[in-house]
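Student: One structure, pasted below without further comment.
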Amino acid sequence: MSFNYQDIRKDFPILDQTVNNRPWVYFDNAATAQRPLPVLEKISEFSVKTNANIHRGTHTHAIKTTEAYEVARDIVKDFLHAGEREEIIFTHGTTESINLVARSFCEKFVSEGDEIIVTEMEHHANIVPWQMACERHHAILKILPFADNGELKTELLESLISVHTRIIALTHVSNTLGTVNPVKELIRIAHLHNVPVLIDGAQSVPHISIDVQDLDCDFFAFSGHKIYGPTGIGVLYGKRKWLESMPPFLGGGEMIDRVTFEKTTYAEIPLKFEAGTPHYVGAIAMGTAIQYLQNIGLPTIAEYEHQLLKYATGKLKALGNVRIFGESDSKSAVICFELDQIHPFDLGTLLDQLGIAVRTGRLCADPVMDHYNVSAMTRASFSFYNTMEEVDRFIEALTRIRSMF
Ligand code: PMP
C-alpha cells in the first residue's frame, strides 16, 4: 500500500468516534461513503463565502460559482475519460441519471413490442425505471440471469438480443454480489447488434478506473455520495449522438434556448438536461472528492481494498456455517453473507451494539433475494480507510453474537 494510512484516516474525522461505547467501525460504504475534510471544506467554503446561483448573474460570486461548477464538469470528464465535456450531465444521482435515460431515450426510440434488457442482479434503480418505460410504451423487459456463484450468464446475452432490442442496462459492479461484470465484452456484443448500453456505475466508480471511451458504453451513471462526495449530486455520461437526439427530461429554467407561448426551443447539451437550479455546491465538492481519489490513485485503492476483501472473506469462512452470496473471482470489496441462519436484522442490530455498522435488509435488490430464496442479507462493504484490525473486530463480534444464539 503506497499511501500513508494515518494521513488518510485523519482526513475522515467522522470515523474517529465511539458508537455504543466502542470505537466505531464503518462497514456500510456501499450505501454511502464518508467524506474527507477537503470535501467538507469545499462545501463550507462555497456555502459560507461564495454562494450564488450559477449560469445567471453577472456579479462576482455568480461568476465564481459558475466557473467552479464548470471546472467540476471538466474534472468529471477527465475522471471518466469522456471525449467531450458536453457529454457530462449533472443529475441528483444514479437513480435520476437512469430515470433520465429511461424516460427520454425511450420516448424517442422505444415503441410497442420493442425490448429492453436488464440483468437479474440489478439494483432497483436499474430495474424500475425500465419497467415504467415498458409500461408507457408497451415494450417488453427481458432479463439476463446470473449463476449461483454471482456471475452473469454472459453467454446468454446474444440469444436474448433480437431485432426489437432497443437498449441494454446493466450494472458494472453488483451492490449485493460484488461481482465486477465484464461490461466491455457485453457492450461489444450489444454493439454487434447496434444496441446501445447503459452502465450503472454506482458501485464501480469508487473502486475502478473508468474509461467510457475504452468501454464504448453509450451511457454511464454514478452518484457523488458513493465516491466520497456529497449526497444529492450525480452524473450521467452520454454519447453526444444520443444526448442530442433525445428529448429533454425535465422542463424549466436553464434548459431552454427561447420560450414563447407558441413554442419553446431548447438549450444545447449539457444544459438541455439540467433544468432548474442544480446542486452546484454538490457538483463542485464532488469534483474535490474525485481529485482526492485521484491523488491516492484508484489502482492503489483497488489493490488495498482487494486485500481487505480477501482477508475478511477468509476470516468469515473460517468461522464455519457461513454462506457468502457472490463468489466471483472478479469481485469488489463487498460481502453479503448469512451466519448460522441468524436473521440479518438481529445480526445488524447486535453488530451495532458492538459499534459495527453494516447494512441489512433486501439491499434494493429483491430479484437477488429471490434468486437465493432469502428474505434479507447482511452486507459488509469496505473502503480504503478501513483496516485489517477493524475486520478482526468484526469477526470477534460475530463470534460473540453467535454464542448468544
Ligand atoms: N445502482 C447501484 C448498483 C447502487 O448500489 C445504488 C445505490 N445503492 C444505486 C444504483 C442508486 O444510487 P443512488 O441512490 O445514489 O441514486
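The values are calculated or read from the model by the stated rules, or taken from the named source; none is laboratory data. Predicted model, so just to flag it, every value in this text is computed and none were measured. As a convention, Cβ positions derive from the backbone with ideal geometry for all residues, glycine included, and neighbour counts pool all protein chains shown. With ligands, DNA and RNA removed, areas are computed over all heavy atoms of the protein, side chains included. Shrake-Rupley method; radii C 1.70, N 1.55, O 1.52, S 1.80 Å.
Student: If you go through the range 244-265, how many residues are touching a residue at least 12 places away in the same chain (Cβ under 8 Å), away from the ligand (no atom under 16 Å from the Cβ) and either of a type in the set (Phe, Trp, Tyr) or farther than 27 Å from Gly57 by Cβ (or both)?
Tutor: Number satisfying all stated conditions: 4.
Student: In the range 225-243, which residue that is touching a Leu at 6+ places or on another chain (Cβ under 8 Å) and either part of a strand (DSSP E or B) or not β-branched (Val, Ile, Thr) (or both) is farthest from the ligand (Cβ to nearest atom)? Walk me through it before giving the result.
Tutor: Of the range 225-243, the ones touching a Leu at 6+ places or on another chain (Cβ under 8 Å) are 227-228, 235-237.
If we keep only those that are either part of a strand (DSSP E or B) or not β-branched (Val, Ile, Thr) (or both) too, we end up with 228, 235-237.
On the way: Tyr228: 13, Val235: 11, Leu236: 11, Tyr237: 15 Å.
Per the stated criteria, the residue is Tyr237.
Student: While we're here: Among what's in the range 327-372 and is over 23 Å from the mean Cα position of the chain (by Cα) and charged (D, E, K, R), pick the residue that is nearest to Ile208 (Cα to Cα).
Tutor: Glu338
Student: Considering each residue of the range 108-162, count those that are open to solvent by less than 50 Å² (accessible area, probe 1.4 Å) and free of Cβ contacts under 8 Å to residues at least 12 places away in the same chain, and give that number.
Tutor: Number satisfying all stated conditions: 1.
Student: Could you tell me which numbered condition Ala102 fails, if it satisfies all but one of (1) within 18 Å of Trp242 (Cα to Cα); (2) more than 14 Å from the ligand (Cβ to nearest atom)?
Tutor: Only one criterion in (1) within 18 Å of Trp242 (Cα to Cα); (2) more than 14 Å from the ligand (Cβ to nearest atom) is unmet by Ala102, namely (2).
Student: Restricting attention to the range 271-290, does a residue exist that is touching a Pro at 6+ places or on another chain (Cβ under 8 Å), open to solvent by 10 Å² or more (accessible area, probe 1.4 Å), of a type in the set (A, V, I, L, M, F, W, C) and more than 28 Å from Gln34 (Cβ to Cβ)? Walk me through it before giving the result.
Tutor: Residues of the range 271-290 that are touching a Pro at 6+ places or on another chain (Cβ under 8 Å), as a first pass: 272-273, 275, 279, 281-282, 285-286, 288-289.
Then drop every residue that is not open to solvent by 10 Å² or more (accessible area, probe 1.4 Å), which leaves 272-273, 275, 279, 281, 288.
Add one more test, that the residue is of a type in the set (A, V, I, L, M, F, W, C), and what stays is 273, 275, 281.
Then drop every residue that is not more than 28 Å from Gln34 (Cβ to Cβ), which leaves 273, 275.
The answer is yes, given that some residue of the range 271-290 is touching a Pro at 6+ places or on another chain (Cβ under 8 Å), open to solvent by 10 Å² or more (accessible area, probe 1.4 Å), of a type in the set (A, V, I, L, M, F, W, C) and more than 28 Å from Gln34 (Cβ to Cβ).
Student: Moving to a separate point now. Could you list, in sequence order, the residues of the range 176-201 that are open to solvent by 10 Å² or more (accessible area, probe 1.4 Å) and either in contact with a Pro (Cβ under 6 Å, 6 or more places away or on another chain) or within 15 Å of the ligand (Cβ to nearest atom) (or both)? Full working, then the answer.
Tutor: Of the range 176-201, the ones open to solvent by 10 Å² or more (accessible area, probe 1.4 Å) are 180, 182, 184-185, 188-189, 191-194.
Within the range 176-201, Val180 is the sole residue that qualifies.
Student: A further question follows. Identify the residue in the range 80-97 that is out of contact with any helix residue (DSSP H, G or I) (no Cβ under 8 Å at 6 or more places or on another chain) and part of a helix (DSSP H, G or I) and, among all such residues, is least open to solvent (accessible area, probe 1.4 Å). Don't jump to the end; show me each part of the working.
Tutor: Of the range 80-97, the ones out of contact with any helix residue (DSSP H, G or I) (no Cβ under 8 Å at 6 or more places or on another chain) are 92, 96-97.
Next, from what is left, pick out any that are part of a helix (DSSP H, G or I): 96-97.
Details: Glu96: 39, Ser97: 0 Å².
Within the range 80-97, the match that is least open to solvent (accessible area, probe 1.4 Å) is Ser97.
Student: Kindly establish whether Tyr372 is farther than 15 Å from Val25 by Cα and among the aromatic types (Phe, Trp, Tyr). So that I can check it myself, show each step before the final result.
Tutor: Values: farther than 15 Å from Val25 by Cα: yes; among the aromatic types (Phe, Trp, Tyr): yes.
Spelling it out, Tyr372 is indeed farther than 15 Å from Val25 by Cα and among the aromatic types (Phe, Trp, Tyr).
Student: Is there any pair linking a residue in the range 24-35 that is under 13 Å from Gly229 (Cα atoms) and of a type in the set (Phe, Trp, Tyr) to one that is within 14 Å of the ligand (Cβ to nearest atom) and open to solvent by 20 Å² or more (accessible area, probe 1.4 Å), with Cβ under 9 Å and at least six apart or on different chains, and which?
Tutor: Once the first residue is under 13 Å from Gly229 (Cα atoms) and of a type in the set (Phe, Trp, Tyr) and sits in the range 24-35, no partner that is within 14 Å of the ligand (Cβ to nearest atom) and open to solvent by 20 Å² or more (accessible area, probe 1.4 Å) comes close enough.
Student: Tally time: how many residues in the range 206-224 are more than 15 Å from the ligand (Cβ to nearest atom), farther than 22 Å from Cys106 by Cα and open to solvent by less than 60 Å² (accessible area, probe 1.4 Å)?
Tutor: Residues in the range 206-224 being more than 15 Å from the ligand (Cβ to nearest atom), farther than 22 Å from Cys106 by Cα and open to solvent by less than 60 Å² (accessible area, probe 1.4 Å): 2 in total.
Student: What are the residues in the range 345-359 that are touching an Asp or Glu at 6+ places or on another chain (Cβ under 9 Å) and more than 14 Å from the ligand (Cβ to nearest atom), if any?
Tutor: Step one: list which residues in the range 345-359 are touching an Asp or Glu at 6+ places or on another chain (Cβ under 9 Å), which gives 347, 354, 356-359.
Matches in the range 345-359: Leu347, Leu354, Ile356, Ala357, Val358.
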